[in-house]
Amino acid sequence: MEIARTIAEMRQQRSRASRIGFVPTMGFLHEGHLSLVRRAKQDCGAAAVSIFVNPTQFGPQEDFGRYPRDLERDLKLLAEEGVDLVFIPAVEEMYRPGEATTVDVGPIASLLEGAARPGHFRGVATVVCKLLNIVQPTRCYFGQKDWQQTIVVRTMARDLDLPAEIVVCPTRREPDGLAMSSRNVYLKDDERVAATQLYRSLKAAALTFQAGETSAQTLCRLVREGIAGEPKIALEYVRISHPQTVEDLAVVDVPGAVMSLAARLGATRLIDNVVLDQPVT
């Protein structure tokens with residue numbers, strides 16, 4: 001497994017493979033990340049992973065400074081998965097003095113998470129654009145848990161004619177249904193137990209939709225009622241959105257509509273979602 005810490009090193013080492021799948025991460029890896037790595041290896045034969053906690057996607061009151069980091073553990077996990085190339089740039093390597101260019105993908109970045117975290121998706125789009133230009137992957141892999149992010153990245157890649165294919169893979173969950181996330185480590189024991197109600201509520205709404213209910217208001221109310229019974233959860237929003245435009249739906253009448261939510265448990269903010277017309281387990 002080769003490790004590159006500069007853009008020049010990354011480009012030099014990348015040139016040795018004709019096809020490569022790429023998984024951009026912020027580190028503190030879990031099974032969700034590793035499942036993307038396996039898919040990249042399966043599809044492309046070689047896999048590259050970046051580990052970079054990107055400061056531009058964090059707001060001033062968010063958790064950039066305390067975001068969990070364990071590089072030694074991450075590299076061990078990636079070596080065990082047979083990763084070919086790991087890119088670990090410093091902030092100063094990715095954002096050199098005087099840089100002023102950013103990527104803004106328009107209205108889809110201003111809704112839901114974009115409204116809750118102003119500037120977040122500008123930071124995401126900018127760093128992913130830079131990484132795709134540096135790594136030049138055949139395919140780039142993301143998890144469905146951050147579904148709005150996948151729409152932002154796909155829109156950016158399309159609009160800027162970036163050649164990498166963006167591949168979205170299913171959310172990986174713990175046995176009790178909680179979506180895998182590096183931020184789960186923040187949860188206290190009682191918060192971790194309470195957090196399982198997020199997916200249970202989403203799942204109940206999805207099953208109600210699949211039984212014939214198409215009113216977004218009714219389905220969202222089911223989620224709010226389910227979460228209201230768990231006092232440790234402070235729900236920020238629950239919405240049903242068009243899968244391409246991210247705009248709210250009043251009636252769920254398009255394939256692939258996504259129900260998403262954000263909630264706080266103590267100091268920890270979690271997001272999750274389901275595609276309403278897909279099986280839930």
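Once backbone amide H atoms are built at 1.01 Å from N, residue 2 has 85, 86 as its partners under 5 Å, excluding neighbours fewer than 5 places away on the same chain.
Just grab the label-to-label distance for residue 190 and residue 278, each label 7 Å out from Cα along the Cβ direction, in nm (one decimal). Reported label-point gap for residue 190 and residue 278 is 3.5 nm.
Estimated from helical segments only, the mean residue ellipticity of the chain at 222 nm is -11500 deg cm²/dmol, where each DSSP H run of four or more residues counts as -39500 (n - 2.57).
The Stokes-Einstein estimate for the chain, based on a Kirkwood radius over Cα pairs and taken at 37 °C with 0.692 mPa s viscosity, is a diffusion coefficient of 167 µm²/s.
Considering the zone a paramagnetic label at residue 62 would reach in this model (a point 7 Å from Cα along the Cα-to-Cβ line), which residues of segment 105-124 have amide N under 15 Å from it? Label zone hits: 105, 109-124.
DSSP H helices in the chain with Cα extent of 30 Å or more along the helix axis and mean Kyte-Doolittle hydropathy at least -0.5?
Numbers: long enough: 189-210 (33 Å, -0.30).
TM-like helix candidates: 189-210.
If R0 equals 35 Å, the separation of the Cβ atoms of residue 218 and residue 245 corresponds to a calculated FRET efficiency of about 0.95. Taking amide H as placed 1.01 Å from N in the peptide plane, residue 180 has its amide H under 5 Å from the amide H of 172, 173, 174, each at least 5 places away in sequence or on another chain.
Of the cross-linked pairs 203/232; 188/232; 76/130; 76/145, which ones have a Cα-Cα span greater than 22 Å in the structure shown? Walk me through the intermediate numbers first.
Numbers: 203/232 19 Å; 188/232 11 Å; 76/130 26 Å; 76/145 24 Å.
Exceeds cut-off: 76/130; 76/145.
Simple spin-label estimate for residue 15 and residue 207 gives 5.7 nm between the two label positions (7 Å along the Cα-to-Cβ direction from each Cα).
Distance from the C-alpha centroid of segment 25-75 to that of segment 132-193: 10 Å, rounded to the whole angstrom. Size of segment 200-281 from its Cα atoms: along the principal axes, largest to smallest, the extents are 35, 25, 23 Å.
Can you pull a Stokes-Einstein diffusion coefficient for segment 2-169 at 4 °C (1.567 mPa s), Rh from Kirkwood over Cα pairs, as a whole number of µm²/s?
Estimated via Stokes-Einstein, D reaches 80 µm²/s.
The label point for residue 100 and the one for residue 161, both projected 7 Å from the Cα toward the Cβ, are 2.6 nm apart.
Could you tell me the relative contact order of the chain? Use alpha-carbon pairs under 8 Å, at least six residues apart, and round to a whole percent. Can you show the working numbers first?
Values: 494 pairs, mean separation 46.6, N = 281.
That works out to 17 percent.
Only the coordinates and a few stated rules stand behind these numbers; no lab work does. It should be emphasised that the depicted structure is a prediction, and the values quoted were computed from it without experimental measurement. We place every Cβ from the backbone using ideal geometry, glycine too, and count neighbours over all the protein chains shown.
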